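Every number in this text was worked out from the coordinates using simple rules, so none of it is lab data. Every value quoted in this text rests on a predicted model; they were computed, and no experiment measured them. We place every Cβ from the backbone using ideal geometry, glycine too, and count neighbours over all the protein chains shown.
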Amino acid sequence: MRLDKYLKVSRIIKRRTIAKEACESGRVSINNKVAKAGTVVAEGDTIEIKFANQILKAKIINIAEHVTKDTAKEMYEIVSGTEDKE
């Protein structure tokens with residue numbers, strides 16, 4: 001799955017366009033490498049997102065095309081930072 005879509009489906013970032021903009025501005029990295037919006041993510045990857053006033057680091061647990069709001073949090077595990085996003 002593309003990085004921008006994963007960020008949206010997992011609800012780490014609320015909209016795919018915002019996720020794409022974050023990737024294009026270099027604020028998102030996968031396994032310590034700056035990632036583009038089209039980068040394919042895999043289970044076990046670590047995503048780091050630099051928001052305005054914090055850095056969120058999360059490990060991908062699973063990948064699913066469609067999830068409910070309640071099960072979206074099961075797609076990742078917070079390594080550091082908080083879930084207070086955007």
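Before moving on, here are some points about what is shown:
- Applied to the stretch 33-39, the Karplus parametrisation 6.51 cos²θ - 1.76 cosθ + 1.60 on θ = phi - 60° returns per-residue 3J(HN,Hα) values of 10, 4, 10, 8, 4, x, 4 Hz, with x for Gly and Pro.
- Dipole moment magnitude, nearest 20 debye, the chain about Cα centre, only Lys, Arg, Asp, Glu C-beta charged: 280
- Integer Hz, Karplus 6.51/-1.76/1.60 couplings in order for the stretch 54-59, x for Gly and Pro: 7, 10, 10, 10, 9, 9
- Sorting 1-9, 27-35 by average packing, meaning the other beta carbons within 10 Å per residue, from highest down gives 1-9, 27-35.
- Helix-only CD estimate at 222 nm, as mean residue ellipticity for the chain, using -39500 (n - 2.57) per DSSP H run (n ≥ 4): -5500 deg cm²/dmol
- Contact order, relative form, for the chain: 27 percent (alpha carbon pairs under 8 Å, 6 or more residues apart, mean separation divided by residue count).
- Between the entries (i) 11.3, 30; (ii) 15.0, 49; (iii) 11.6, 33, the label attached to Rg and Dmax of the Cα atoms in Å calculated for this structure is (i).
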